[in-house]
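The values are calculated or read from the model by the stated rules, or taken from the named source; none is laboratory data. All figures in this text were calculated on a predicted structure; none of them were measured in a lab. All Cβ positions, glycine included, derive from the backbone under ideal geometry; neighbour counts span all protein chains shown.
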Amino acid sequence: MEKKYYPTIGLEIHAELSTNTKMFCGCKNDPDEEKPNVNVCPVCMAHPGALPVINKKAIENVIKVGLAVDGKIADFTEFDRKNYFYPDIPKGYQISQYKFPIVSGGHLADFDITRVHLEEDTANNKHPEPEQARYGAGDRGGYSLVDFNRAGIPLMELVTEATTFQSDEEAAKGSTKFAKELQLILWYLGVSEANMEKGEMRVEANISVSTDLKKLGTKVEVKNLNSFRSVERAIKYEVDRMIKLVEEGKGSEIVQETRGWDDGKQKTFSQRKKEGSADYRYFPEPDLPKMKLHEAFDLEKIEKELPELPQAKRARYKKDFGIKDEDIESYINEPSLGAWFEEVAKILKNKDQIKIASNYVTTDFIGLRAKSEVKLPSVGNFAELINLVSENKISSRVAKDILAMIAKKTNSKDESPMKIATEKNLLQSSDTGALKEIAKKIIDASPKVVADYKGGKEQALMSLVGQIMKETKGSANPAVTKQVLIDLLK
């Protein structure tokens with residue numbers, strides 16, 4: 001009997017917080033600064049005698065995240081020194097949190113949350129390629145430079161409980177879903193840009209595999225996954241690698257270690273033996289005060305002022321609008337589009353019209369946007385366009401064409417779809433007399449199609465309908481057109 005393997009995943013996600021200044025000093029927090037080492041001072045450069053001061057806004061941001069995931073906000077919290085040497089740690093230690101995090105517990109997507117705490121980000125190591133070397137013609141690189149602009153930026157770390165899945169596919173997709181949902185929450189709260197390409201959100205996955213649900217396998221940590229695709233593929237690869245080793249009788253080769261993800265080769269690689277908490281020699285930061293958060297912050301007020309979060313918005317859109325899940329996700333992932341669509345929905349008469357409107361937004365408008373520069377039309381004009389379609393005053397084909405006209409980026413006119421349809425003679429025609437004349441002309445010019453229809457090929461009739469629609473620039477009523485053709489071809 002084939003063995004069943006259960007992958008267990010725990011996630012650690014770092015997100016740089018959007019504050020005006022760094023975590024423990026007054027230097028500008030600017031992740032887009034390109035010139036190295038300009039947003040620095042004696043505190044974030046660790047000059048002797050320089051003392052840190054806590055950024056209250058950063059703590060408030062983490063409290064908001066904690067409330068959004070139903071976590072418990074600590075009354076007492078403190079900062080700790082996490083001791084390790086690396087060129088991007090100017091002090092030789094990082095100010096972080098160990099025993100008393102700001103947030104404990106909570107839940108999001110498929111994962112329970114262990115804790116959410118706050119620390120300072122590290123500096124940024126740069127490794128010049130030979131062609132970028134700057135010390136003369138004989139310089140071939142082979143060295144690193146350190147940019148301290150990022151050193152000291154407030155960094156939120158969220159740690160999940162280990163969650164067991166039924167397969168590598170489920171583990172990969174479940175982990176990616178969690179990371180995406182967290183990114184959305186950070187956006188909605190306005191606490192982080194969480195741009196993974198810029199390194200503003202980094203995902204690390206602790207992965208183990210076991211054949212026994214009651215017993216965990218040896219844990220491996222895959223570090224610094226900087227895209228959702230990398231999260232999914234790295235987890236799947238690592239689970240499959242572990243299963244293969246066990247199957248081949250090489251389970252002892254799975255050791256507790258840190259591994260990296262090579263996006264080019266689509267595989268993980270060993271980096272170093274995994275450190276334990278004892279290796280960091282944590283102890284309370286002596287230069288910072290202890291904090292009583294329930295006294296320092298009005299938690300009830302913060303919670304009341306939280307925006308509507310993605311999951312609540314999904315439920316509301318489903319209940320109020322009855323639109324497809326895929327459509328809802330388009331609005332959840334792009335809140336400005338969702339807000340515009342809600343204004344459109346207020347004007348429309350019923351759920352059927354709202355569903356038609358949503359289809360034109362998520363299929364036609366987003367399709368147009370992918371090909372050319374467009375802007376959202378005014379709420380009133382878009383609602384008018386949907387009314388024209390739903391009342392059969394214009395065809396679907398004409399509606400798509402008018403949408404392209406009113407959404408064109410270069411179109412400064414706020415034109416009424418009804419005005420456009422009238423001026424361009426696009427209003428749907430049910431004039432059977434006029435349609436008969438056009439149909440006769442099309443029939444005479446299409447003897448083979450007519451023969452096919454009379455021979456039993458029903459699809460041939462739709463070909464004739466299509467020709468008439470083209471001749472009338474989409475203004476003919478398709479149902480009336482079809483009946484006219486049937487009558488003429490009897």
| task | Answer yes if at least one residue in region 389-400 is among the charged types (D, E, K, R), closer than 24 Å to Thr481 by Cα and more than 42 Å from the chain's Cα centre (by Cα), and no otherwise. | result | no
| query | Here is a list of conditions, (1) surrounded by 13 or more Cβ atoms within 10 Å (Cβ to Cβ); (2) within 15 Å of Ile394 (Cα to Cα), and Lys470 meets all of them except one; can you say which number that is? | reply | (1)
| said: Restricting to region 417-455, give me the number of residues that are in contact (Cβ under 8 Å) with a residue 40 or more places away in the chain and either within 30 Å of Leu337 (Cα to Cα) or surrounded by 16 or more Cβ atoms within 10 Å (Cβ to Cβ) (or both). | reply: 8
| query | Looking at region 414-431, is at least one residue farther than 26 Å from Glu373 by Cα, of a type in the set (D, E, K, R) and more than 33 Å from the chain's Cα centre (by Cα)? | reply | yes
| Of residues in region 1-32 being among the aliphatic types (A, V, I, L, M) and in contact (Cβ under 8 Å) with a residue 12 or more places away in the chain, the one farthest from Thr122 (Cα to Cα) | Ile9
| task | Could you figure out which of (1) surrounded by fewer than 16 Cβ atoms within 10 Å (Cβ to Cβ); (2) in a helix (DSSP H, G or I) isn't true of Asp414? | result | (2)
| In the list Val222, Val239, Val246, which residue meets the criterion of being crowded, with 18+ Cβ neighbours inside 10 Å and either without any contact (Cβ under 8 Å) to a residue 60 or more places away in the chain or closer than 13 Å to Glu204 by Cα (or both)? | Val222
| task | Consider Ser208 carefully, then state whether it is part of a loop (DSSP other than H, G, I, E, B), at pLDDT 95 or above, of a type in the set (Gly, Ala, Ser) and in contact with a Leu (Cβ under 6 Å, 6 or more places away or on another chain). | result | no
| Only one of (1) surrounded by fewer than 14 Cβ atoms within 10 Å (Cβ to Cβ); (2) under 15 Å from Leu186 (Cα atoms) fails for Ala68. Which number is that? | (1)
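Take Ala370 and decide whether it is modelled with pLDDT of 90 or more, part of a helix (DSSP H, G or I) and surrounded by fewer than 20 Cβ atoms within 10 Å (Cβ to Cβ).
Spelling it out, Ala370 is indeed modelled with pLDDT of 90 or more, part of a helix (DSSP H, G or I) and surrounded by fewer than 20 Cβ atoms within 10 Å (Cβ to Cβ).
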| request: Those residues that are assigned to a helix (DSSP H, G or I), under 21 Å from Val480 (Cα atoms) and of a type in the set (Asp, Glu), I need them from region 417-444; list them, please. | output: Glu437, Asp444
| query | Would you pick out the residues in region 170-222 that are of a type in the set (Gly, Ala, Ser) and in contact with a helix residue (DSSP H, G or I) (Cβ under 6 Å, 6 or more places away or on another chain)? | reply | Ala171, Ala172, Ser175, Ala179, Ser192, Ala194, Ala205
